[in-house]
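Below you'll find the structure, written out as structure tokens, and then a few comments.
The values are calculated or read from the model by the stated rules, or taken from the named source; none is laboratory data. Keep in mind the model is a prediction, meaning the values are calculated, not measured. In this analysis, Cβ positions are derived from the backbone assuming ideal geometry, glycine residues included, and neighbour counts consider all displayed protein chains. Just the protein is used for accessible areas: all its heavy atoms, side chains included, with ligands, DNA and RNA removed. Shrake-Rupley method; radii C 1.70, N 1.55, O 1.52, S 1.80 Å.
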Amino acid sequence: MSNYHIKQLEEYFQVYRKSVNNPESFWEEIAEEHFVWRKKWDQVLEWDFSKPEVKWFKNAKLNITENCLDRHLPTRGDKTALLFEPNNPKEEAQHISYRKLHEKVCQMANVLKDHGIKKGDRVCIYLPMIPELAFAVLACARIGAVHSVVFAGFSATALSTRINDCDCKMVITADGSYRGAKTLNLKSIVDVALEDCPEVKSVLVAQRTGEKIDMVEGRDHWLKPLLDKAYSDCTAEVMDAEDPLFILYTSGSTGKPKGMVHTCAGYMVYTAYTFKNIFQYREEDVYWCTADIGWITGHSYIVYGPLANGATTVMFEGVPSYPDYGRFWEVVQKHKVNQFYTAPTAIRALAKEQLEHVEKYDLSSLKVLGTVGEPINEEAWHWYNNNIGKKKSPIVDTWWQTETGGIMISPIPYVTPTTPTYATLPFIGIQPALMDEKSNEIQGNQVEGRLCIKFPWPSMARTIWGNHERYRDTYFAAYENKYFTGDGALRDAVGYYRITGRVDDVIIVSGHNLGTAPIEDSINEHPAVAESAIVGFPHDIKGNALYGFVILKEVGQSRDRDNLRKEINQQITEQIGPIAKLDKIQFVPGLPKTRSGKIMRRILRKIAGKDAKNLGDISTLLNPEVVKEIKDNAL
Ligand code: PRX
């Protein structure tokens, strides 16, 4: 029996037991047999959740790109590593072999070195989904620079905050990006962001859209001529197992975004192992994850996990609706995709369209369907299962987080029987716990509580960049000796988990995590606004949409309300990005507050969700009278 590739349910239970009863020897065996190391570890695991401190494969030395690239060259040199499918279907797809990818990554690594980037330096990558994005990520890893990829839909302000938070020395970007029929000038966003980022010394610019951009002399360089003359070999930097590999920002319920730090060895082992099993990847398969590399899903399951397994991974530049709603299925047919991994919001959007967009295409290559990012509702699950999987491809509903680095709770296809809306069983090595309000672990089945993880797993984030205290407070303070996920979950009669959603002030809109506080801060900066509160409400396609309750200042009272709504959304777009725009804005005379001044979001959530019949006891509020007023004028 190979513990690396699980093929039967009995085997899953056996391996799971082993991974829990003896985690160190279990992970040691996986690490030893399936990866290349420059030096092996002295100790498999050292941990203390009270600090919190977690070290996997202590003192081991490696480079993740040797595992993702070099070791495949003798056997898979000509195999397609990256299959790039452009935004415009008329533009030819690019099949980039392992040999070519290795060469491109080495060239890019040499360019970075030529610009003074060394091991440990932070590099911000703000690129569309073009091959250069994968080259840049891997080039950083090659030389031990820490990449911080910022999703190219974020605004200049969001970008500069992220650049400054981790002191990036360099930004890698493109002239522009294609998103369906639209073109976005990325470089101009970078130019604005960099007005606030004095530490950035160089900007490398990939050419994609060919539009006119400004180049700042001495700072900005076109990437292509530099790549063309760079050496195509670059010795991999020897990294410690616990050296940072990347920083990726995620929204918190309060304050500025959290730069989650992932380290080299544990992240590599866990993303590779989960990829192999949860997608049941086989050598000839073509795997496609539709996420953007700007999110953790893209890091772990477009780049590192697939490449560590020598897989062919599709990288898609476009959107599901361009040139029409059949695009995903056209690509599946064209590249004979075997594993397809997307978000419930995309499924819901496509399910609304004519079925002929699906039926036109041959989807018989599909073997596994995945979803991630938010709970999948039953209707979307069935649509996906019936129309895309034709009831033959198991759906893996994968629950995990930026912080967890890899998939934590998920069926293994063809192994775990699936149930709609359930992420089912913990993956190998993962020990979930449901907690009650008194901080006790809830035993048994058919129970519901707050989801924690009670034992370390290799790909967990090790800290928040520059703020270890916040890391401890956010994840390890709520429950002693446990990692708290921020999610609620239930465990059914057979022990399957269903994620019920966030229990904090993070709202998931179209699969993107949005913290309420930064959006409120942005609204409050509008000169006409005194105070605001944001809550989520159910939305057919996005899962949740944002509802803002806004108190105007005196100066705002006489202003046109529709114009104000536009200005507020414009402000959010500029400071955060269009993904954080509000669907509804209600101007209110006050916000329901407790006597200690805390906004009662529970009440606002009910009003926004049109569920205001039973608001519970509001008599203890500081200002119960505003509730009726808000309710009567709800949008
Ligand atoms: O609430 C959970 C939800 O997404 C959150 C994590 O978001 P992020 O860090 O952006 O990572 C998303 C991609 C891994 C979780 O706390 N979530 C993620 N996957 C699922 C989910 N909720 C329900 N079911 C899922 N499969």
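Descriptive notes on the structure:
- The residue of region 39-64 that is surrounded by the most Cβ atoms within 10 Å (Cβ to Cβ), among those that are touching an Asp or Glu at 6+ places or on another chain (Cβ under 7 Å) and within 22 Å of Gly120 (Cβ to Cβ), is Asn63.
- Residue list for region 464-485, restricted to those being surrounded by 22 or more Cβ atoms within 10 Å (Cβ to Cβ) and part of a strand (DSSP E or B): Ile464, Tyr483, Thr485
- When Glu330, Glu356 are checked against the criterion of being touching a residue at least 60 places away in the same chain (Cβ under 8 Å) and at negative phi, a single residue qualifies: Glu330.
- Flag if Met215 is touching a helix residue (DSSP H, G or I) at 6+ places or on another chain (Cβ under 8 Å) and either basic (Lys, Arg) or modelled with pLDDT of 95 or more (or both): no
- Scanning region 423-462 for residues being buried (at least 20 other Cβ atoms within 10 Å of the Cβ) and at positive phi gives a total of 2.
Quick grid of which residues meet (1) more than 16 Å from the ligand (Cβ to nearest atom); (2) assigned to a loop (DSSP other than H, G, I, E, B); (3) open to solvent by 30 Å² or more (accessible area, probe 1.4 Å):
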residue: Thr500; (1), (2), (3): no, no, yes
residue: Ala533; (1), (2), (3): yes, no, no
residue: Pro538; (1), (2), (3): no, no, yes
residue: Leu564; (1), (2), (3): yes, no, no
residue: Gln570; (1), (2), (3): yes, no, yes
residue: Thr573; (1), (2), (3): yes, no, yes
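- Odd one out for Thr418, checked against (1) under 29 Å from Glu11 (Cβ atoms); (2) away from the ligand (no atom under 16 Å from the Cβ); (3) crowded, with 16+ Cβ neighbours inside 10 Å: (2)
- Yes/no for Val506 being within 15 Å of the ligand (Cβ to nearest atom), under 30 Å from Pro320 (Cβ atoms), of a type in the set (Val, Ile, Thr) and in contact (Cβ under 8 Å) with a residue 24 or more places away in the chain: yes
- Scope region 23-38; condition free of Cβ contacts under 8 Å to residues at least 60 places away in the same chain and open to solvent by 80 Å² or more (accessible area, probe 1.4 Å); matching residues: Glu32, Glu33
- Selected residue (criterion: farthest from the ligand (Cβ to nearest atom)) from residues of region 225-252 that are of a type in the set (S, T, N, Q) and surrounded by 18 or more Cβ atoms within 10 Å (Cβ to Cβ): Ser251
- Region 297-326 residues that are open to solvent by less than 10 Å² (accessible area, probe 1.4 Å), paired with ones that are in a helix (DSSP H, G or I) and of a type in the set (Phe, Trp, Tyr) (beta carbon under 6 Å, 6 or more apart): Gly305/Phe275; Pro306/Phe275
- Close contacts from region 333-351, counting a first residue that is in the same structural domain as Glu284 (by TED's automatic domain parsing) and basic (Lys, Arg) and a second that is within 12 Å of the ligand (Cβ to nearest atom) and not in a strand (DSSP E or B), with Cβ to Cβ under 9 Å and a gap of 6+ residues or different chains, come to Arg348/Ile376; Arg348/Asn377; Arg348/Ala380.
- From Gly556, Gly548, residue being part of a strand (DSSP E or B) and either in contact (Cβ under 8 Å) with a residue 12 or more places away in the chain or among the charged types (D, E, K, R) (or both): Gly548
Here is a yes/no grid of residues against (1) assigned by TED's automatic domain parsing to the domain that holds Ala236; (2) part of a loop (DSSP other than H, G, I, E, B); (3) open to solvent by less than 10 Å² (accessible area, probe 1.4 Å):
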residue: Asn88; (1), (2), (3): yes, yes, no
residue: Leu101; (1), (2), (3): yes, no, yes
residue: Lys113; (1), (2), (3): yes, no, no
residue: Gly116; (1), (2), (3): yes, yes, no
residue: Gly120; (1), (2), (3): yes, yes, no
residue: Ile125; (1), (2), (3): yes, no, yes
residue: Phe135; (1), (2), (3): yes, no, no
residue: Ala139; (1), (2), (3): yes, no, yes
residue: His147; (1), (2), (3): yes, no, yes
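- Odd one out for Cys452, checked against (1) part of a loop (DSSP other than H, G, I, E, B); (2) in contact with a strand residue (DSSP E or B) (Cβ under 9 Å, 6 or more places away or on another chain): (1)
- Thr345, sole failed condition from (1) crowded, with 23+ Cβ neighbours inside 10 Å; (2) closer than 15 Å to Thr371 by Cα; (3) more than 16 Å from the ligand (Cβ to nearest atom): (3)
- The numbered conditions (1) more than 15 Å from the ligand (Cβ to nearest atom); (2) within 18 Å of the chain's Cα centre (by Cα) are all true for Gly495 except (2).
- Filter pass, Asn67 being outside any loop (DSSP other than H, G, I, E, B), in contact (Cβ under 8 Å) with a residue 60 or more places away in the chain and surrounded by fewer than 22 Cβ atoms within 10 Å (Cβ to Cβ): no
- Restricting region 468-489 to residues that are of a type in the set (A, V, I, L, M) and over 23 Å from the mean Cα position of the chain (by Cα), the residue that is farthest from the ligand (Cβ to nearest atom): Ala477
- In region 359-402, residue surrounded by the fewest Cβ atoms within 10 Å (Cβ to Cβ) [restricted to those that are polar (S, T, N, Q) and assigned to a loop (DSSP other than H, G, I, E, B)]: Ser364
- Condition met for Val337 (part of a loop (DSSP other than H, G, I, E, B), more than 27 Å from Asp492 (Cβ to Cβ) and open to solvent by less than 10 Å² (accessible area, probe 1.4 Å)): yes
- Pick from region 190-211, criterion free of Cβ contacts under 8 Å to residues at least 40 places away in the same chain and farther than 27 Å from Lys118 by Cβ, ranking: least open to solvent (accessible area, probe 1.4 Å): Thr209
- Any hit, region 281-288, residues being open to solvent by less than 10 Å² (accessible area, probe 1.4 Å), of a type in the set (Val, Ile, Thr) and either within 14 Å of the ligand (Cβ to nearest atom) or over 12 Å from the mean Cα position of the chain (by Cα) (or both): no
- Cβ-Cβ under 6 Å pairs, at least 6 apart or on other chains, region 597-619 side assigned by TED's automatic domain parsing to the domain that holds Phe537, far side aliphatic (A, V, I, L, M) and modelled with pLDDT under 90: Ile603/Leu615; Lys606/Ala612; Lys606/Leu615
- Selection count where residues are open to solvent by 30 Å² or more (accessible area, probe 1.4 Å) and more than 9 Å from the ligand (Cβ to nearest atom), scope region 509-520: 2
- Any hit, region 400-413, residues being within 16 Å of the ligand (Cβ to nearest atom), within 24 Å of the chain's Cα centre (by Cα) and within 22 Å of Arg327 (Cα to Cα): no
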